[in-house]
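Undergrad: So that we are looking at the same thing, I have put the structure below in structure tokens.
Every number in this text was worked out from the coordinates using simple rules, so none of it is lab data. Quick caveat: nothing in here was measured; it's all calculated off a predicted structure. Heads up, the Cβs are rebuilt from the backbone with ideal geometry, glycines too, and the neighbour counts pull from every protein chain shown.
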Amino acid sequence: MKRISKPAIVVNFKAYGEVEKEGAMELARACESVSEETGIAISICPPTVDLSYIARTVSIPVLSQNVDPRAPGSATGWITPSMVKGCGAVGTLINHSEHKVAKNQIGECVELSKGVKLVTIVCADNVQAATQVAEFRPDFVAVEPPELIGGNISVTSANPRIIEETVDAVKGVNGSIAVLCGAGIKTGEDVLKAIELGTSGVLLASGVVKAKDPRVALMDLVKHL
């Protein structure tokens, strides 16, 4: 089931302490279990150091948290899209608010990723940024107001307008690009509202990674889908 279907639930593990050592694999297994039980394609973005191990172990889609605008060659310390593909991952995040990329480099990352058939999810802080990155024709644009990331208030209730306007703006550039939203997403009601506002799913992190019981949190997230 290594395909990012819609509605999409994309869980970014970030670099939280909870996913160090065996934590990343344990969380990946929980996501896989809920995905298999519910039929909802939950995709995951584990830390880069665990990418190959997890991508080759679980049946759900695995994405990199980042790629760099580098082709194979003299690129010490950089993460090339072809390396990510070689790890068994199916896609990558690009330009997350915690790992910003210059505008011209976003385009390079998307093109290099497309060249090795990686799914691209480009993050944007606001409607204007989402409109700009849509010009690069990624598969997904994920709008995440940075002030709400990691917080307890969901973007779906704090700023639903930014979601609706992003969907309209991105579709106005290219109707084939799907839109995700993130920041503060923690419950099934948040996910349902995101879908009602026109998105194809959500990108979230702490609501699952830092949950007391991630599996319970995951089951709640998909209960309305």
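Undergrad: At q = 0.15 Å⁻¹, work out log10 I(q)/I(0) for the chain with the Debye formula, treating every Cα as an identical point scatterer and leaving solvent out; two decimals please.
TA: For the chain, the Cα-only Debye profile gives -0.92.
Undergrad: From the helices alone, meaning DSSP H stretches of at least four residues, give me the mean residue ellipticity at 222 nm for the chain, per-run term -39500 (n - 2.57), in deg cm²/dmol to the nearest 500.
TA: Numbers: 10 runs with 87 residues, N = 225.
Rounded to the nearest 500, the figure is -11000 deg cm²/dmol.
Undergrad: Given the peptides 170-183, 9-22, 65-78, arrange them by the average over their residues of other C-beta atoms within 10 Å, most packed first. Mind showing how you got there, number by number?
TA: Numbers: 170-183: 19.6, 9-22: 18.0, 65-78: 14.6.
Final packing ranking: 170-183, 9-22, 65-78.
Undergrad: For the chain, what are the DSSP H helices with axial Cα length of 18 Å or more and mean Kyte-Doolittle hydropathy of at least -0.5? Present the calculation step by step, with values, prior to reporting the outcome.
TA: Working: long enough: 23-38 (23 Å, -0.21); 103-115 (19 Å, -0.65); 160-173 (20 Å, 0.13).
What comes out of the filter, once short or polar helices are dropped, is 23-38, 160-173.
Undergrad: Roughly how many Å is it from the Cα centre of the range 7-31 to that of the range 76-154, as a whole number?
TA: The range 7-31 and the range 76-154 have Cα centres separated by 19 Å.
Undergrad: Beta carbons within 10 angstrom, averaged per residue: use that to sort the peptides 196-204, 80-88, 145-153, highest first.
TA: Top of the packing list down: 196-204, 80-88, 145-153.
Undergrad: Same structure again: If packing is taken as the mean number of other Cβ atoms within 10 Å per residue, what is the order of 185-194, 216-225, highest first? Walk me through the numbers on the way to the answer.
TA: On the way: 185-194: 21.2, 216-225: 18.8.
Output ranking for 185-194, 216-225: 185-194, 216-225.
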